[in-house]
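> For reference, the structure I am asking about is given below.
The values are calculated or read from the model by the stated rules, or taken from the named source; none is laboratory data. Quantities reported herein were computed from a predicted structural model and do not represent experimental measurements. Methodologically, a virtual Cβ is constructed for each residue, glycine included, from the backbone with ideal geometry; neighbour enumeration extends over all protein chains shown. The protein model used for the area step is the full one, side chains on, heavy atoms only, and it has no ligands, DNA or RNA in it. Shrake-Rupley method; radii C 1.70, N 1.55, O 1.52, S 1.80 Å.
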Amino acid sequence: MKNLLLQKVKLVLDTVAASGTVAINELAEKLDIPLPTMSRLLSDMTEMKLLDKPDYYHVTLASGMIRLGECARKHSFLVRRVTPLLDRYAEKVQMNVLLAGFDADTMFSIYHRGKSENDNIIWDCGLALVLMDQAKLPQAECEELFRRNVPDLSDTARLIFTREMESIKNERMLFRSNTMRRWSCACGFEYRKFNYGFCFYGHAPDFSRERFVLDCSMVLSRIISVLNEE
């Protein structure tokens with residue numbers, strides 16, 4: 001990045017976002033920015049409503065960032081072009097759909113539409129695993145992220161995790177079902193150097209695995225075609 005000031009602003013926002021609330025001196029030390037320079041930068045960012053100062057020594061993200069995030073969610077090309085495709089399939093099969101992204105070791109939700117029972121979005125719905133693999137994280141790091149979000153990971157769950165990661169590497173998607181015919185199929189794609197993915201899940205008694213995987217593959221193919229039309 002040629003503009004060093006913008007680079008510093010982004011580094012500050014990324015670091016504060018990852019930590020929640022950060023001491024100003026720790027922030028300066030972590031980013032290797034002199035404390036007087038950091039103080040001036042934080043003062044300007046606070047005035048711009050990008051950051052808040054809960055006290056004299058700490059900073060956190062400001063509520064103004066929520067407005068920017070909501071505008072990005074509403075107006076971005078990705079959301080405008082992709083969500084109608086996901087909506088049509090979700091309506092067709094009466095299932096839930098989740099669209100999410102992955103950045104800085106964190107999965108963030110972009111769009112969710114609940115249609116059927118079992119409407120709780122849990123971290124291990126399968127999409128997180130697909131995105132971690134797609135981001136080319138080592139399996140040990142993937143397992144650590146998974147353990148951090150699912151702290152009571154049993155030995156059985158760890159074995160399932162390993163099996164699912166291997167499935168993702170082979171098929172580029174993750175498929176799950178149980179005897180109650182609650183299905184989920186997660187696929188990933190890359191757009192402008194970010195990793196995104198979608199997951200359909202819910203109750204679908206008339207589906208076969210082959211049909212579900214084929215349908216999800218076709219949705220993914222259509223999404224990539226639409227994004228390439230930009």
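> What distance in nm separates the simple spin-label points at residue 77 and residue 106, each placed 7 Å from Cα in the Cβ direction?
Label-label distance for residue 77 and residue 106, simple model: 2.6 nm.
> Let me ask another. Please give the net charge around residue 71, taking every other residue with its beta carbon less than 15 angstrom from that of residue 71, where Lys and Arg add +1 and Asp and Glu add -1. Provide the component values of the computation, followed by the final result.
Working: positive: 49, 67, 73, 74, 80; negative: 70.
Counting the neighbours of residue 71, the net charge comes to +4.
> Where is the GNM fluctuation largest for the chain (alpha-carbon springs, 10 angstrom cutoff): 11, 174, 86?
With Cα springs under 10 Å in the chain, the top fluctuation among 11, 174, 86 is at 11.
> Amide H of residue 189 versus every other amide H placed in the peptide plane: which residues, excluding those fewer than 5 positions away on the same chain, fall under 5 Å?
Close amide H contacts, sequence-distant or interchain: 196, 197.
> Using the Karplus equation 6.51 cos²θ - 1.76 cosθ + 1.60 (θ = phi - 60°), what ³J(HN,Hα) coupling, rounded to whole Hz, does each residue of the range 41-53 give in order, writing x for Gly and Pro?
5, 5, 5, 5, 5, 5, 5, 7, 6, 8, 10, 10, 10
> Roll a 1.4 Å probe over the protein heavy atoms and report the accessible area of residue 201 in Å², nearest 10.
20
> If the elastic network links every pair of Cα atoms under 10 Å, which of 197, 20, 188 fluctuates the most in the Gaussian network model of the chain?
Looking only at 197, 20, 188, the biggest GNM fluctuation is shown by 20.
> State, as an integer percentage, the relative contact order of the range 45-151 based on alpha-carbon contacts under 8 Å between residues 6 or more apart.
Numbers: 88 pairs, mean separation 15.5, N = 107.
Computed over the range 45-151, the figure is 15 percent.
> Still on this structure, please answer the following. Tell me, what is the per residue accessible area of the range 1-149 in Å², probe radius 1.4 Å?
58
> Give me the angle, in degrees from 0 to 90, between the Cα long axis of helix 77-93 and the longest principal axis of the Cα atoms of the chain, rounded to the nearest 10.
Once rounded, one gets 30 degrees.
> Another one. Let me spell out the model: positive unit charges on the Cβ of Lys and Arg, negative unit charges on the Cβ of Asp and Glu, origin at the Cα centre of the range 77-206. What dipole size does that give, in debye rounded to 20? Let's see the in-between values first.
Values: 18 positive and 18 negative charges, 106 e Å.
My answer is approximately 500 debye.
> Extent of the range 25-102 along each principal axis, from alpha carbon coordinates, in Å, largest to smallest?
For the range 25-102, the Cα spread along each principal axis is 58, 23, 21 Å.
> Under the rule of -39500 (n - 2.57) per DSSP H run of 4 or more residues, summed and divided by the residues of the chain, what mean residue ellipticity at 222 nm is obtained, to the nearest 500 deg cm²/dmol?
Working: 9 runs with 122 residues, N = 230.
Computed mean residue ellipticity for the chain: -17000 deg cm²/dmol.
> Here's a follow-up. Among 191, 56, what's the order by accessible area (1.4 angstrom probe), most exposed first?
On the way: 191 30, 56 170 Å².
Ranked from most to least accessible, the order is 56, 191.
> From the backbone phi of the range 209-224, what are the Karplus-calculated ³J(HN,Hα) couplings (6.51 cos²θ - 1.76 cosθ + 1.60, θ = phi - 60°) in whole Hz, Gly and Pro given as x?
Going residue by residue, I get 4, 4, 5, 4, 5, 5, 4, 5, 5, 5, 4, 4, 4, 5, 4, 5 Hz, with x marking Gly and Pro.
> Between the range 159-230 and the range 16-88, how far is it from one alpha carbon centroid to the other, in angstrom?
If you average the Cα positions of each part, the centres end up 32 Å apart.
> When the solvent-accessible surface of protein heavy atoms is calculated with a 1.4 angstrom probe, in what order do 189, 194 fall, highest first?
Working: 189 10, 194 80 Å².
If we order 189, 194 from most to least accessible, we get 194, 189.
> Helix 64-75 versus the longest principal axis of the chain: what is the Cα-based angle in degrees, 0 to 90, to the nearest 10?
For 64-75 against the chain, the angle is about 40 degrees.
> Let me know the charge dipole size of the chain about its Cα centre in debye, to the nearest 20, where only the beta-carbon of Lys, Arg (+1) and Asp, Glu (-1) is charged. Write down the numbers at each step before the final one.
On the way: 31 positive and 31 negative charges, 146 e Å.
With Lys and Arg at +1 and Asp and Glu at -1, about 700 debye.
> Continuing with the same structure: Excluding ligands and nucleic acids, what accessible area in Å² is computed for residue 22 using a 1.4 Å probe, to the nearest 10?
Surface open to solvent at residue 22 totals about 10 Å².
> What order do 74, 10 take when sorted by accessible area (1.4 Å probe), most exposed first? Walk me through the intermediate numbers first.
Details: 74 140, 10 110 Å².
Descending accessible area places them as 74, 10.
> So which lysines can residue 30 reach, going by Cα to Cα under 19 Å and dropping same-chain residues fewer than 8 places off?
Cross-link targets: 8, 10, 53.
> So, one more: How long are the semi-axes of the ellipsoid equivalent to the range 140-217, from square roots of 5 times the Cα gyration tensor eigenvalues, in whole Å, largest first? Display every interim value, and only then the final one.
Details: eigenvalues 101, 70, 24 Å².
Taking √(5λ) for each Cα gyration eigenvalue gives 23, 19, 11 Å.
> Taking volume of the Cα convex hull per residue in Å³ straight from the coordinates, which label in (1) 207; (2) 132; (3) 158 is the correct one?
(3)
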